[in-house]
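Notes to accompany the following structure.
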């Protein structure tokens, strides 16, 4: 009867798992059952006395070991996704779950399930995007993976923490290096962060000079920062300053997507401002985010209703003659809280579905401002206004925009609309039909932030537009290396072959301007040509009014 009850429980366990394992205190297998031959190439008896970690694919061994160590005292492991060493070249994903059982000599009991349904909600290894230079995860991939691993490590009994680091003037210093020296710097920084992160791979590059990593609480962030500083100092032959901040990645009571959102907000805020106020944990960050969101949505509603903002004008120059071809209109809120980014307010408006209201208010205000200026000061070049792809997907907004443009009487050649890529456009055919209806009236369209993601090429393929504006990091890479220049030149040639003109943003000096011009780019935008000004006529001596 005892054997029958045991077999019944084993059978029930296989409703949840493909492999069942019992590990001793050294993590060696003492019992195995299930599809071991198919998944590992070894029968259950052959697995006995083998180290469990040897059954895990090398890139995930550190993660599996840290989860087992964290669960040693009192925790449990819930669906931590790892890859098995597999058979041949096959490395199956499994969800690892289990806990330590005091009544059985403190052995671990693990259940492994192949390709769990929950994996569909997470980024697989092939979906994770990495920074080309350091090999670290990019911002979105890091936030997703860090959230998953932080919660799993917390459930296992560990204390996960997340640290953000900024290396002062890192981008400027590395730009001045040769190709091999730059590669050495990037590899060194990437290796240090990856080595000290949870599982050996939960680290990301957030911006040109900011990084973040998830780690155990026994990792000393100051020591890691010092290692980066010392390595950079040695390679740059000078003092290198780093600043950092560490938060508990507690995720108390939060869903994985909420933790990922809080992490993304945290690292972005630190990258931009260099500090995180007085927050001590991710849950505090999320609480603050909710409060900020409510306040900011109310603020957006107020400024839309009262047109409580002004437009600044940033010059975009013809690179052949360095004269102003057109301006980009940028929103400047009058009563925004210090540190509030217009871009983040724009993204928030997209998230909560009110960006079409903001876009219409911006178009209206820009046209009125242009009209008043031209009436007093004379002609000026055309102006580009940012529009969300979400707005162009909204039939009500499209109709309101048509009415606004018709009522304003503005000449179509004096306006361009820059389609932002901050939110993915799903219905490309319908959006392209809208764009063409406006282009047929004489209005021009620019695809902004080109090169910032794989979707850029989908948009270029699906949308018939007049100008493509290359994303800042693309331009920085072009200025930093021959490979980057070759990539930019090839994209510029591709656009030219389709009759699409090109613009480069974040052109900061004469050398960069010369480089992007040599790559075949038509227009340049950046502080080298001029910062945003409320009065565009300060640039009047450089106008190309025929543009």
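Structural remarks
- Annotation note: of 348, 405, the sole residue that is closer than 23 Å to residue 432 by Cβ and surrounded by fewer than 21 Cβ atoms within 10 Å (Cβ to Cβ) is 405.
- When the range 511-537 is filtered for residues that are under 30 Å from residue 378 (Cβ atoms) and part of a helix (DSSP H, G or I), the ones remaining, listed by number, are 513, 517, 536, 537.
- Residue in the range 413-425 that is closer than 24 Å to residue 315 by Cβ and in a helix (DSSP H, G or I) present: yes
- Only one entry of 95, 70, 65 meets the criterion of being surrounded by fewer than 22 Cβ atoms within 10 Å (Cβ to Cβ), within 31 Å of the chain's Cα centre (by Cα) and either in the same structural domain as residue 20 (by TED's automatic domain parsing) or at positive phi (or both), and that entry is 65.
- Qualifying residue in the range 370-382 (condition: surrounded by 18 or more Cβ atoms within 10 Å (Cβ to Cβ) and within 19 Å of residue 435 (Cβ to Cβ)): yes
- Members of the range 302-340 that are assigned to a helix (DSSP H, G or I) and within 31 Å of the chain's Cα centre (by Cα): 302, 303, 304
- Qualifying position, being touching a helix residue (DSSP H, G or I) at 6+ places or on another chain (Cβ under 7 Å), at pLDDT below 90 and buried (at least 16 other Cβ atoms within 10 Å of the Cβ), among 484, 530: 484
- Per this entry, residue 438 is counted among residues that are crowded, with 18+ Cβ neighbours inside 10 Å and at pLDDT 90 or above.
- Checking each residue in the range 67-92 for being assigned to a loop (DSSP other than H, G, I, E, B), within 19 Å of residue 154 (Cβ to Cβ) and touching a strand residue (DSSP E or B) at 6+ places or on another chain (Cβ under 6 Å) picks out only 71.
- Any chance residue 492 is assigned by TED's automatic domain parsing to the domain that holds residue 332, in a helix (DSSP H, G or I) and within 15 Å of residue 323 (Cα to Cα): no
Conditions tested, residue by residue: (1) touching a residue at least 40 places away in the same chain (Cβ under 8 Å); (2) farther than 19 Å from residue 143 by Cα.
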residue	(1), (2)
180	no, yes
185	yes, yes
188	yes, yes
194	yes, no
197	no, no
200	yes, no
203	yes, no
206	yes, no
210	yes, no
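- The single condition among (1) under 30 Å from residue 373 (Cα atoms); (2) not in a helix (DSSP H, G or I) that residue 540 does not satisfy is (2).
- In the set (1) within 30 Å of residue 501 (Cβ to Cβ); (2) at pLDDT below 95; (3) under 24 Å from the mean Cα position of the chain (by Cα), the condition left unmet by residue 354 is number (1).
- Considering the conditions (1) assigned to a helix (DSSP H, G or I); (2) within 22 Å of residue 145 (Cα to Cα); (3) modelled with pLDDT under 70, residue 291 is excluded by exactly one of them, (2).
The values are calculated or read from the model by the stated rules, or taken from the named source; none is laboratory data. In this text, all values refer to a predicted model and were calculated from it rather than measured experimentally. Positions of Cβ are generated from backbone atoms using ideal geometry, with glycine treated the same way; all protein chains shown enter the neighbour counts.
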